[in-house]
Every structure is written in C-alpha cells, then in structure tokens.
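Input: a single structure, listed below in structure tokens.
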Amino acid sequence: MDCESVIYISSQPVVIRVLREVFPAIKLPHVSKMSQYGLRSLFPMEDHAVMGILELLPYLYMIRVRLKETVEAAFLFKPHVVVTVDAKGFSFRFLKKLRASYSVQQLDSPMHFQYVAPSFWAWRGGEARLKCLSQFVDHVLCILPFEEEVCRVNGLAATFVGYPVLEDCLELNLVCLLTS
C-alpha cells in the first residue's frame, strides 16, 4: 500500500511510534497534543476531551465546529491513510463525514483504520454493531486477542496488534516475578 501521508486522530503516542518505525518518511498532521513527536495539532485536545452527558452539553457547539474543521483539513491534506484511536464519539463521526466528502466529490477515499475496537463485548447485542462499522472503517486494529475473530465473523477486517502499554505492564510483572 502506498502510504506517504497519514491523518492521525488521537491524544495517545502509541501508534505514532509504530507508524514512524514502519514509514520513516511519513507526514503526520493530526489532532493531538503531542508536538514532542514533531506533529502539528489542529486544535487543543481539551476542546473535545469531555465525558458524560451533562458535561458534554456546554461543549456541543465547539465539538461540532472542531469536527467540521478536522474533516476540511483532512480533505485538503488528501491522506493515503486515516488512523483514529479510540474516541469513538469523535472518530466515527469524523470518518463518516470524511468518507461522505470523498463520495460527493467522486474521489477514492483513503483507507480508514481504527485502533482500539469498540467495546462490543461489554454490551448485549454489541457484536451486531460491528456490521455498521464496515461502512466507514476499513480495518480495525484490535488490542485484545479475541476481538479480531469477532470482528471478522461480523464482516469487519481486523488484526490483533496488542497494546504496548499493557504489554509493557505484563513484561514488568513477569520480570518482577522472576527476580523475586
């Protein structure tokens, strides 16, 4: 896959490290607060880092504005790949709108990757929700081993990639067990 430019939407540095190793010349403008990685943020993450219904209400207008700005910036950047990390509320709306923008212009949409599968396993009937994702997500990068198979059975391309922070913790626990 030709992968010279990527839009990365997250506040986590986890995927940046991997992308930089695999594609050293990659251009990564994104929505995040990680300028130490040499990336440019479209806006402060605090503008949409809100949890809960009541806490969300005062920020709804700002979030809608930031979503529109993000879609416009991504469309102008013309990425080969879009990687979103978690933050389903923002990420999935962004992916739907970006795909729609490409469709209206009759252009081929970039590949859309979602790192961290939705917690379908935590909700009754949650697996059925996965079928809808294939309309705007091309591939899910799963952090839990069982998620890959469930995604595939429900028509969504997926790969188990793990989660570096979790793996580091498990490795640290193993080292502690072996040295004690």
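Brief remarks follow.
- Annotation: amide H-H contacts under 5 Å for TYR115 (H modelled 1.01 Å from N, sequence separation of 5 or more, or interchain): THR84, VAL85, ASP86, LEU141.
- Distance between the modelled labels on MET62 and MET111, one decimal in nanometres: 3.6 nm (7 Å Cα→Cβ projection).
Rule-based calculations on the coordinates, nothing more; no lab input. Here the structure is a predicted model, which means the values were calculated and not measured. No Cβ is skipped: glycine too gets one built from the backbone with ideal geometry, and neighbour counts run over all protein chains shown.
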